[in-house]
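To start, the structure itself, in structure tokens.
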Amino acid sequence: MDIGIDKIGFYVPKDYIDIVELAKARDVDPDKFTIGIGQDKQAVPQPYQDAVTMAASAADSILNSEDKQAIGLMIVGTESSIDESKSTAAFLMDLLDLPEDIRAYEIKQACYGATAGLQAAYDFVSLNPGKKALVIASDIARYGIKTPGEVTQGAGSVAMLIGEDPRVVKLDHKSVYMTRNVGDFWRPTFSKVAFARGKFSNQVYVDFFNTLWDKYQAKYDVTADDFKTMLFHIPYTKMGTKALRTLEDKLSPEKYAELTANYQESIKFSREVGNLYTGSLYLGLLSYLVNAAKANEKLLFFSYGSGAVGEIFSGEIQPGFEKVIDKKALQAVIDNRQKMSISDYEKMYQIEYQDGTIVDPTAVDAEFYLSEIKENERLYKKNK
Ligand code: HMG
């Protein structure tokens, strides 16, 4: 049975800051941020947006009523959860108008969460012929104003419908994975912002990629020549470049040039949005599908979540994928946004809604929003 991604869509907040303006405000050479880090814009969520509202928007962009009846499993990968008990997935049942015979839960393992969800979805579909699984990655990446990580913030959500005879990417059920207890990045429950040993985290990321790539080649007797494109978890776009560069001496100049050129196509969206945490790898897939992908291309995926878990797996772009991927609509999610000034972003960063907050719906510019906090319970609404 062929299983994989049958539909894929995403959501990013409608406000962004310009990275050159951020560099100037921080008294940094803009080239450091645009070339050294590799970012152009950064998505900024409104206080009425969170992992729930963004997940709802991404899923709503791909689901029709037939899909909803077929879903038997819904997993949200997130490290920006709004509740220590109730899962982000449970909130989505009403917002997406889903039937209740669904197993719904949340997975947390930093930026690896959605990949864990994708693999669980694969298993679920293979054991339940005819059923579908909804996997959503949803996060807000926050390091704090004037921190080294600030330039690598971002926000957004990616939703994928996993099913039999997939129309976008067939997953070929080949993967290698590893886990190590590493202190490269963490966010204690009391903190809204993450802490990172930045340069150490880069080293661990590259080490995981190299270790897993060696394992993958040995296990399946393949080389880079068997793949058209390598897609990376993209915390900032220079990170994947650093991992890819470690292969330069091992590959023919032609192969390295091809992988590098295709990597550039996969980071176009990330340059505009920033880190989506667990959605970043899949935002790279979306960017590649919109900008360069061709039917039957073999893709290698490198998923990395600090802490740390890594996995390399593979898949194949399906003939006719263009009929399912609405390139114009996906590009419009990136293009139809407005710039926010650095001073407005700094002011908004400090806003934290407390119990008793009621959000004025006329001031909301999003499909789904946090409408109220009542008895410390967060309540959500769909914008009419
Ligand atoms: P930093 O200390 O500000 O930057 O931190 P730097 O001094 O390392 O410079 C960055 C690059 O800019 C360097 O290039 C400089 O040479 C270059 P590199 O050596 O890396 O190739 N540069 C310039 N280039 C052009 N013109 C100039 C110029 N000046 C300098 N004038 C860091 C950067 C990424 C460490 C920081 O932003 C950070 O801590 N970010 C957060 C952590 C992170 O994103 N880590 C990535 C790996 S871990 C991961 O991916 C997991 C994660 O997504 C979390 C999860 O799993 O949930 C983060």
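The values are calculated or read from the model by the stated rules, or taken from the named source; none is laboratory data. Please read all numbers here as calculations on a predicted model, not as lab measurements. Quick reminder, even Gly has a Cβ in these numbers, built from the backbone with ideal geometry, and neighbours come from all protein chains shown. Calculation scope for accessible area: heavy atoms of the full protein, side chains included, ligands and nucleic acids excluded. Shrake-Rupley method; radii C 1.70, N 1.55, O 1.52, S 1.80 Å.
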| said: Translational diffusion coefficient of region 105-183 at 4 °C, 1.567 mPa s, Stokes-Einstein with Kirkwood Rh over Cα pairs, in µm²/s as a whole number. | reply: 87
| note | Mean 1/r over distinct Cα pairs of region 254-384, inverted to a Kirkwood Rh in Å, yields 18.3
| task | Rounded to whole Hz and in sequence order, give me ³J(HN,Hα) for region 66-73 from the Karplus expression 6.51 cos²θ - 1.76 cosθ + 1.60, θ = phi - 60°, writing x for Gly and Pro. | result | 5, 4, 4, 5, 8, 6, x, 9
| request: Return the loop-located GluC sites (Glu not before Pro) in region 234-274 (DSSP other than H, G, I, E, B) with at most 12 other Cβ atoms within 10 Å of their own Cβ; answer none if there are none. | output: none
| message | Let me check against my output: what whole-number percent is the relative contact order of region 252-384, with C-alpha pairs under 8 Å and at least 6 apart? | response | 14
| For region 3-382, what's the relative contact order in percent, using C-alpha pairs closer than 8 Å and at least 6 residues apart? | 24
| task | Using only protein heavy atoms and a 1.4 Å probe, report how much of Phe10 is accessible, in Å² to the nearest 10. | result | 10
| query | If you take the Cα Rg of the chain and divide it by 2.2 N^0.38 Å, with N the number of residues, what do you get? | reply | 0.93
| remark: Whole-percent tail of the Cα-Cα distance distribution for region 1-144, cut at 18 Å, equals 61
| For region 60-163, treating each Cα as an identical point scatterer without solvent, what Debye log10 I(q)/I(0) comes out at q = 0.11, 0.16, 0.20 1/Å? | -0.36, -0.69, -0.99
| Where Rh denotes the Kirkwood radius from the mean inverse Cα pair distance, what is Rg over Rh for region 172-238? | 1.05
| request: May I ask for the distance between the Cα centers of region 229-276 and region 186-206, given as a whole number of Å? | output: 22
